[in-house]
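Just so it is clear, none of the values below were taken in a lab; they were calculated from the coordinates. Keep in mind it's a predicted model, so treat the numbers as computed, not measured. A quick note on method: Cβ atoms are made from the backbone with ideal geometry, for glycine too, and the neighbour counts reach across all protein chains shown.
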Amino acid sequence: MENQLIQLYLLVCLIYDTRSETCFQRLSNNSEPRFTDQELVAIYLFAHLNGKFEKKAMHQFIEQYWHHFFPRLPAYQTFVARLNLLDQTFQTIGGYFNQLLAESREPELDHVIDSMPVMLAKGGHAYMARVARDVADVGYCASKKTYFHGVRLHTIAQRRRGTIPLPTQMWLREGSCHDLASVREQEIALPHSVLIGDKAFRDPLLEAMLNQQQTTLYTPRKKPKGGELSADEKYYNRLVSRLRQPIESLFNWLIDKTDIQRAGRVRSTEGLMLHCFGKLTFAFLLLVLNP
């Protein structure tokens, strides 16, 4: 584990030094703190590798077992405040890992699209939540049949044979934003490909936008009012559902490995951004380590 921690710290330093223009920059008199941002990021990722998903558990884990590697570890309150400033840094590091994945991708054509909620509160508590209201609001999660206060993680991923798909585009929107509206506003670039989604993406305008990129959109057929689907249409829907199933596996993997969906302990917009981008960065790291 010591070698793992040392290698992780050196990797973070390498990324930080080569992409410092997009990492968090300090312009105050304390621009070079004794406990560095690189150490913070290394602790965050190392703690996740050891199953410590909450900031309190991370701090206790390092203080109890690895304090000799981080003798200037600050108090817990300072640790959290410093971490919450680093969402831009985690976006940069996550982009670096995603670039490594892109270079290793096989030339597959099929892509799948869907979204998953990141929940600050759910059920009856969703309407009383006040955290991060500038970026989060109340939405409905059909798969869990519950209302939630939070954001949606929208994902386009490349299908791979025999394993989970690789994310190619990911972005956040407020919980109430419909999947179709989010995709339209995102103006996705997916030339010469195939995109597979659920019924929410069945839209002539989206299909026309993708056709301009020579990309074909496949979504299930909707049942006509007062009618039934034909046997061929039912078979087509089962086929589309089977093809888009891997993105559900990707979301389940993300939840299992990072606990990203449960954000009930987040107390600020900065904390929510750190929660999302920090855990996505860790997920990309896992994909790099285990392609």
The chain: relative contact order in percent, alpha carbon pairs under 8 Å with at least 6 residues between: 20
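Extension gain GLN88-LEU10, at 0.36 nm per residue separation less the Cα-Cα distance, in nm?
Between GLN88 and LEU10, full extension yields an extra 26.2 nm.
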Relative contact order of region 107-266, pairs being alpha-carbon contacts under 8 Å that are 6 or more residues apart, as %: 26
In sequence order, calculated HN-Hα J values of region 238-243 (Karplus, 6.51, -1.76, 1.60; Hz; x Gly/Pro): 5, 5, 5, 4, 5, 6
Separation in nanometres of the label points that stand 7 Å from Cα toward Cβ, at THR216 and ARG160: 2.5
Relative packing of peptides 73-82, 151-160, 276-285 - highest average C-beta neighbours within 10 Å first: 276-285, 151-160, 73-82
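I need to check one value: relative contact order of region 185-291, counting alpha carbon pairs closer than 8 Å and at least 6 residues apart, in percent.
Numbers: 76 pairs, mean separation 21.2, N = 107.
Once normalised by length, the contact order is 20 percent.
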Tell me which of THR146, THR78, PHE251 sits at the most positive position along the dipole axis of the chain, charges placed on C-beta atoms (Lys, Arg +1; Asp, Glu -1). THR146
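Let me make sure I get this right: for region 30-141, a, b and c are the square roots of the gyration tensor eigenvalues over alpha carbons, sorted descending. Under 1.5 in a/c it's rounded, otherwise prolate if a/b > b/c, else oblate. Which is it?
On the way: a/c = 2.08, a/b = 1.21, b/c = 1.73.
Taking the square roots of the gyration eigenvalues as a ≥ b ≥ c, region 30-141 is oblate.
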Could you check the simple spin-label distance between ASP203 and ALA102, using points 7 Å along Cα→Cβ, in nm with one decimal? 2.5
In the structure shown, do any of LYS122/LYS222; LYS145/LYS279; LYS199/LYS234 have a Cα-Cα gap over 22 Å, and if so which? LYS122/LYS222; LYS145/LYS279
In nm, to one decimal, how far is the SER230 label point from the HIS67 one, both placed 7 Å along Cα→Cβ? 7.3
Ordered by packing density, taken as the mean number of other Cβ atoms within 10 Å over each peptide's residues, highest first, how do 37-45, 244-252, 182-190 rank? 37-45, 244-252, 182-190
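Counting other C-beta atoms within 10 Å, and keeping those with at most 10, which DSSP coil GluC sites (Glu not before Pro) do you find in region 197-247?
Values: sites: GLU207, GLU228, GLU233; in loops: GLU228.
Within region 197-247, the qualifying GluC sites (Glu not before Pro) (loop, at most 10 other Cβ atoms within 10 Å) are GLU228.
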Angle, helix 2-18 long axis vs. longest principal axis of the chain, Cα atoms, 0 to 90°, nearest 10? 80
Show me, bin by bin at 5 Å from 0, the whole-percent P(r) of region 107-266 based on Cα pairs. 2, 9, 16, 19, 19, 16, 11, 6, 2, 0
Go through region 45-56 residue by residue and turn each phi into a ³J(HN,Hα) via Karplus (6.51, -1.76, 1.60, θ = phi - 60°); whole Hz please, and just put x for glycine and proline. 6, 5, 5, 5, 4, 9, x, 9, 9, 9, 4, 4
In Å and on Cα atoms, what radius of gyration and Dmax does the chain show? 20.8, 71
Once phi for every residue in region 218-224 is put through the Karplus expression 6.51 cos²θ - 1.76 cosθ + 1.60 (θ = phi - 60°), the whole-Hz ³J(HN,Hα) values, with Gly and Pro written as x, are 10, 9, x, 7, 8, 5, x
